[in-house]
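Engineer: A single structure is presented below for examination.
Since every read-out is calculated from the coordinates, none of them should be taken as a lab result. Nothing here was measured: the structure is a model prediction, and the numbers come from that model. Here the Cβ positions follow ideal geometry from the backbone for every residue, glycine too, while neighbour counts run over all protein chains shown.
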Amino acid sequence: MRDWFDMGDSVRLNVGMKSSATIGIGEAAARFGLATHVLRHWESVGLLTPSRVAGDRRRYGPDDLFRVAVILRAKEAGLGLDEIREMIATRAAVERREILRRRRAELLRRIEQARAALEVLECALDCDHDDVTGCAHFQQAVRERIGLPAPAPIAGGR
C-alpha cells in the first residue's frame, strides 16, 4: 500500500545503511538531533511503526528514517502532528492540498500578527518619550484596545 511517505522509484534516500540494516532508537534519535521520547511519541500517535525485536526493542530501518526526515520537514513547514497524520491517512491529493492550504492561511495570519507586533516595537523604539506609556500613539492604541473614544481636541489647539 502506497502512502504519502512512499516516494516510489522516483526517490532513493541514502541514509547511510544497508536496506536490511536496522538501528536502535537511541541511534535513530541521535541522527536527527532528537530525544528518544520524541520518536516514542510519534509512534504512540501513529506516525511511526518501527519493527520490534526480542525484548520489545524498537529497530529503525531506512524506511523509518526516511519517514522521520519527512515528519521533520513537515514540522518545519509548520504542520502539526495531527495534520501530518491526516496527510498520511488520506489517499486523495486534493485532501492533502486542502490541509496545506489551511496551514498556509494560518501561517499568513501569524505573519500578519508578527508584522503588527514589529510595528508596535518599532514605534516604541522610535518614540522620543523616555517612557513609552507617555507617547500619544501608545495611549491612543490603549484607548482603542479598551474601547474608549479618542480624546476631544483642545479648543484653539492644533
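Engineer: For E43 and L118, what does the FRET efficiency come to when R0 = 41 Å and r is the distance between their Cβ atoms, rounded to the nearest 0.05?
Structural biologist: 0.55
Engineer: Hey, another quick one. In whole angstrom, how far apart do the alpha carbon centroids of segment 19-86 and segment 96-143 sit?
Structural biologist: Comparing the Cα centres of segment 19-86 and segment 96-143, I get a distance of 37 Å.
Engineer: Towards the positive end of the charge dipole of segment 93-146, with charges on Cβ (+1 Lys, Arg; -1 Asp, Glu), say which of L100, I111, Q139 has the farthest Cα.
Structural biologist: Comparing the listed Cα positions along the dipole, L100 ranks first.
Engineer: Extension gain R104-D56, at 0.36 nm per residue separation less the Cα-Cα distance, in nm?
Structural biologist: My answer for the length gained is 13.3 nm.
Engineer: Based on Cβ point charges of +1 for Lys and Arg and -1 for Asp and Glu, what charge dipole magnitude is obtained for the chain about its Cα centre, in debye rounded to the nearest 20?
Structural biologist: In debye, rounded to 20, the chain gives about 800.
Engineer: Related question: If each of V94 and T36 carries a label point 7 Å out from its Cα toward its Cβ, how far apart are those two points in nm?
Structural biologist: In this crude label model, V94 to T36 measures out at 4.6 nm.
Engineer: What is the Å³ per residue value for the convex hull set by the Cα atoms of segment 93-146?
Structural biologist: It comes to 77 Å³ per residue, whole-number rounded.
Engineer: Across segment 43-82, how large is the tail of the calculated P(r) beyond 11 Å, expressed as a percent of all Cα pairs?
Structural biologist: The share of Cα pairs beyond 11 Å in segment 43-82 comes to 67 percent.
Engineer: How high is the relative contact order of segment 27-91, in percent, counting Cα pairs under 8 Å that sit 6 or more residues apart?
Structural biologist: Rounded, it is 24 percent for segment 27-91.
Engineer: In whole percent, what relative contact order does the chain give with Cα contacts below 8 Å and a gap of six or more residues?
Structural biologist: 18 percent
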